[in-house]
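Accompanying notes for the structure given below.
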Amino acid sequence: MTTTPKTVTLIGRPGCHLCDDARAVIGKVAAETGATVTEQDITQDAALHDRYWEQIPVVLVDGEQHTFWRVDEGRLRAALA
């Protein structure tokens with residue numbers, strides 16, 4: 001039985017150092033787990049900006065909010081297992 005890889009979405013903005021940190025953790029864990037990674041820029045989407053601007057970076061797993069500000073590698077790995 002094969003399973004569909006989970007999708008991790010990073011919501012952030014350019015020049016955000018926390019977003020850069022989150023991107024590194026997400027990239028590492030996604031490479032280990034086979035998860036798909038997408039990114040969305042709050043400066044390009046008014047609805048995302050209104051919803052998340054105080055929390056970026058925000059990480060979604062399969063469309064559900066997983067965390068914001070800092071990404072815990074172990075917690076993300078568990079969510080993708």
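The values are calculated or read from the model by the stated rules, or taken from the named source; none is laboratory data. No experiment lies behind these values; they were computed from the predicted model shown. Quick reminder, even Gly has a Cβ in these numbers, built from the backbone with ideal geometry, and neighbours come from all protein chains shown. Just the protein is used for accessible areas: all its heavy atoms, side chains included, with ligands, DNA and RNA removed. Shrake-Rupley method; radii C 1.70, N 1.55, O 1.52, S 1.80 Å.
Working carefully through the options Glu54, Glu32, find the one that is of a type outside the set (Gly, Ala, Ser) and assigned to a loop (DSSP other than H, G, I, E, B). I'd like the intermediate steps shown before the answer.
Details: Glu32 fails: assigned to a loop (DSSP other than H, G, I, E, B).
None of the other options fit; the residue is Glu54.
Of all residues in the stretch 15-41, those that are under 14 Å from Trp69 (Cβ atoms) have Cβ atoms under 8 Å from Cβ atoms of residues that are open to solvent by less than 30 Å² (accessible area, probe 1.4 Å) and in a helix (DSSP H, G or I), 6 or more apart or on another chain, in Val25/Leu76; Ile26/Leu76.
If you check Arg75 against the conditions, is it assigned to a helix (DSSP H, G or I) and farther than 26 Å from Thr4 by Cα? So Arg75 does not fit the description; no. All conditions but one from (1) outside any loop (DSSP other than H, G, I, E, B); (2) in contact with a helix residue (DSSP H, G or I) (Cβ under 7 Å, 6 or more places away or on another chain); (3) open to solvent by less than 70 Å² (accessible area, probe 1.4 Å) apply to Gln40; the one that does not is (3).
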